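The values are calculated or read from the model by the stated rules, or taken from the named source; none is laboratory data. Model, not experiment: these values are computed from the prediction. Here Cβ is always computed from backbone atoms with ideal geometry, including for glycine, and neighbour counts include all displayed protein chains. Calculation scope for accessible area: heavy atoms of the full protein, side chains included, ligands and nucleic acids excluded. Shrake-Rupley method; radii C 1.70, N 1.55, O 1.52, S 1.80 Å.
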Amino acid sequence: MSLISEIKCRFEDVLSHYHDDVAKLLDMLKPSQDEKFGDYQLNCAMALGKQLRRPPREVATEILEKVNLEGICEKMEVAGPGFINLTLDQRFVVAEVKKAIADNRLGVQAASEPKTVVIDFSSPNVAKPMHVGHIRSTVIGDSLCRVLRFLGHQVITDNHLGDWGTQFGMIIYGYKHFSNSEDYQTNPVPELSRIYRYVRRLMDYFEKQGQRPKLQNEHKALTLKLEELNSAEAKDAKEEKKQAKSIRSLRNKIAATESMTVALEEYFSLVQDDADFQLDVKEHQNIATAVLEETARLHEGDSENTSLWQQFMPHCLEEIQRIYSRLNIEFDHEFGESHYHSMLQGIVDEFKENHLAEESEGALCVFLDGFEAPMIIQKRDGAFLYSTTDLATIRFRMKTWDPVLVLYVVDHRQSDHFEKLFSAAKKWGYTEPRFFQVSFGTVMGEDGKPYKTRSGDTVGLEGLLDHAVEEAHRLVQGVNQKRKPEDQLSKDECFDVANVVGLGGLKYADLSQHRGSDYVFSYEKMLALKGDTAPYVQYSYARVHGIFRKGKFDPNQRTEELVSNLNLEAIAERALAIKLLRFEEALQEVLIEYKPNILTNYLFELSQQFAVFFEQCPVLKADTEQQKQSRFLLCDLTARTIEKGLSLLGIEVRKKM
Ligand code: ARG
């Protein structure tokens, strides 16, 4: 049961007499920030007062006279300029907590009208190792899936693998020129990674070479401009100021090109001495074009490249699967880009025939209202694009699953693509499902730039997981050594806990960020035992089980009689109970804007509330046996709510840690 929806229900009828948009008024019902103001606060009387030209307090009083809150609230007050403060009825709270304790779903109701939702997430480009950039889509998408499913919706997860792009041209080219057949036979996955990296390295070299003259020209042009400005005479003080500003900005630009040149030259002097690499540089001058040609040959159905692709794919999938298994992430489907290849020409023809697309400068374009540039669906040379595949994907998903909502969990840098795609889909006739990009920011290093290794390479995802688990292991061992021998974890238990804490910490650190913002990656912060972290929340769970072990309480043995004696008299008991009853509210809120950080925040606050309870309300040393049993029950509901909540984020718990 969602407390907030229950209260809203009671107000709905009354408020509908004041304003057409009742939902907007009801949205002004919020949990109170301070217990002085009761448990919930409704702040709509101020707005209504303005609209009706009546004193807000009078409106608030009138609303309270009309509304029936019997059985839910025991105290209703108008405060300040017209706030309506509501205090939940204690009997209601006790009854609801009893229900939650007895319920496997912890009192959370499943949706009365389940929706069919497709989630497109993770979706890496395979054939190259997964990197830090993939973590966000993967964990955000997985947690949204879990929350939606728990709330009773039908979710289809589809990993839209990039299994058809230029990266295959790269490994095909690399395989033909640089592979070590013995290594490939014995251990294909690392060999394919090596080949990919090597081709990437060569291509980077030529790209950098191309940057050299560009940078030089830019530097020349900027210096000339600066000289001009320096010798120009200003007419008046205003112009002088303007000039000084331009000079400063030019100098900054010059400095930037200079430091880029230094970095570039440093790079060239480093690779200079690599004789083997220099030999390959000489022999593969045209690598960029050659790679595109290999890709094109694959797309045209060339038999050699097709059979190489078929040979490589299982290895590429094995590589990403290893990471998904570690992260405990599964997909219903993995329809990658290659799945749609045969449908693309048909889609393009359909767009042409229905005058949805026009030719412009040789390319086939969909012009969309509100966008300057069109969406190109076929290039002049006949090649299809990312957007063409995404249109085919929409059609396929609609035909196969008929969803009412499709979520794309993809980096904010692709927002332009998705805005156009959704607009084009509408033009095409898909007005019905809601398409939504669950976009997110970048993972940053502590230097405030996108997270890279010291040498400037992208950070591999696997190494990241390894490191998080290693760090966690160090911490777990540190804590463990300080324990009495009889309380110590075994060696295996230490490894197991480290895995749960390390991976949990990593996921939580990501999910607890507002998804739209960039965030700074820090092992230290994500594994801290205090603060808004997985280990803190996981530890609250373990703490409850520590109490159970000491008090010899077995939560599986709870009887109806025990539950009927539940008592929430102490302030901290009541506060914890109300927080527990807000679980459903938090889950519903996650789905408003698809923000898992609402759930992490709820679990963090729940753990804090539990700590307050634990400090103020002795459990093992309770005054009476009945009070002790009642507190055990509250501890148990807390642990189960944490366990369930974390599991919806894809994070595990352990009873001992
Ligand atoms: N493979 C793409 C990338 O790595 C992401 C795909 C997202 N999903 C989609 N339907 N476009 O950038």
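Annotations for the structure displayed:
- Value of Rg to Rh for segment 1-62, rounded to two decimals, is 0.97; Kirkwood radius and Rg both from alpha-carbon coordinates.
- Per-residue packing, averaged as other Cβ atoms within 10 Å, sorts the ranges 168-181, 514-527 into the order 168-181, 514-527, beginning with the highest.
- Amide H contacts under 5 Å for Gln437: Tyr408, restricted to partners 5 or more places along the chain or on a different chain, H placed in the peptide plane at 1.01 Å from N.
- Near Tyr184: Cβ cut-off under 11 Å, other residues only, Lys/Arg at +1 and Asp/Glu at -1. The net charge is -2.
- The slack in the chain from Val404 to Thr453, taken as 0.36 nm per residue of separation less the alpha-carbon distance, amounts to 13.5 nm.
- Residue-span extension gain [Lys530 to Asp273] - 0.36 nm each, minus C-alpha spacing: 87.6 nm
- Accessible area expressed per residue, segment 176-320, with surrounding protein chains retained (probe 1.4 Å, Å²): 66 Å²
- What the Cα convex hull of segment 222-278 gives, in volume per residue, is 59 Å³.
- Accessible solvent surface per residue of segment 465-571, calculated while the other protein chains remain in place, 1.4 angstrom probe, Å²: 54 Å²
- The long axis of helix 571-581 is offset from the longest Cα principal axis of the chain by roughly 50 degrees.
- The order of the peptides 462-469, 397-404 by mean Cβ neighbours within 10 Å, most packed first, is 462-469, 397-404.
- Working from the Cα coordinates of segment 326-395, the gyration tensor eigenvalues give, after taking √(5λ), semi-axes of 28, 14, 11 Å in decreasing order.
- A DSSP coil position with no more than 16 other Cβ atoms inside 10 Å describes the following chymotrypsin sites (Phe, Trp or Tyr not before Pro) in segment 353-392: Phe367, Phe371.
- Three principal axis extents describe the C-alpha atoms of segment 11-157; from largest down they are 67, 40, 30 Å.
- Surface share of carbon and sulfur [accessible, 1.4 angstrom probe, percent] for the chain: 49 percent
- Fraction in percent of alpha-carbon pairs per bin - 10 Å, the chain: 3, 12, 18, 21, 19, 14, 10, 4, 1, 0
- Taking 32 Å as the limit for the C-alpha separation, the pairs Lys128/Lys655; Lys491/Lys530; Lys220/Lys379; Lys98/Lys482; Lys128/Lys282; Lys98/Lys550 exceed it in the case of Lys128/Lys655; Lys220/Lys379; Lys98/Lys482.
- For the chain, the longest principal axis of the C-alpha atoms and the axis of helix 534-551 are separated by about 40°.
- The peptide list 251-257, 649-655, put in order of mean Cβ contacts within 10 Å with the highest first, becomes 649-655, 251-257.
- Distance from segment 267-312 to segment 138-154 (C-alpha centre basis), Å: 40 Å
- GluC sites (Glu not before Pro) within segment 4-110, DSSP loop, no more than 10 other Cβ atoms inside 10 Å: Glu70
- Size descriptor, Kirkwood hydrodynamic radius, that averages inverse alpha-carbon separations across segment 498-657, Å: 16.3 Å
- With both labels modelled 7 Å from their Cα along Cα-to-Cβ, the Arg212 to Lys282 distance reads 1.6 nm.
- Segment 552-569 and segment 479-498: distance between their alpha carbon centers, rounded to Å: 31 Å
- Each 10 Å bin from 0 upward holds the following percent of the Cα-Cα pairs of segment 277-419: 9, 27, 35, 22, 6, 1.
- The antiparallel fraction among DSSP beta bridges confined to the chain stands at about 55%.
- With N as its number of residues, segment 400-483 has a Cα radius of gyration that, divided by 2.2 N^0.38 Å, comes to 1.76.
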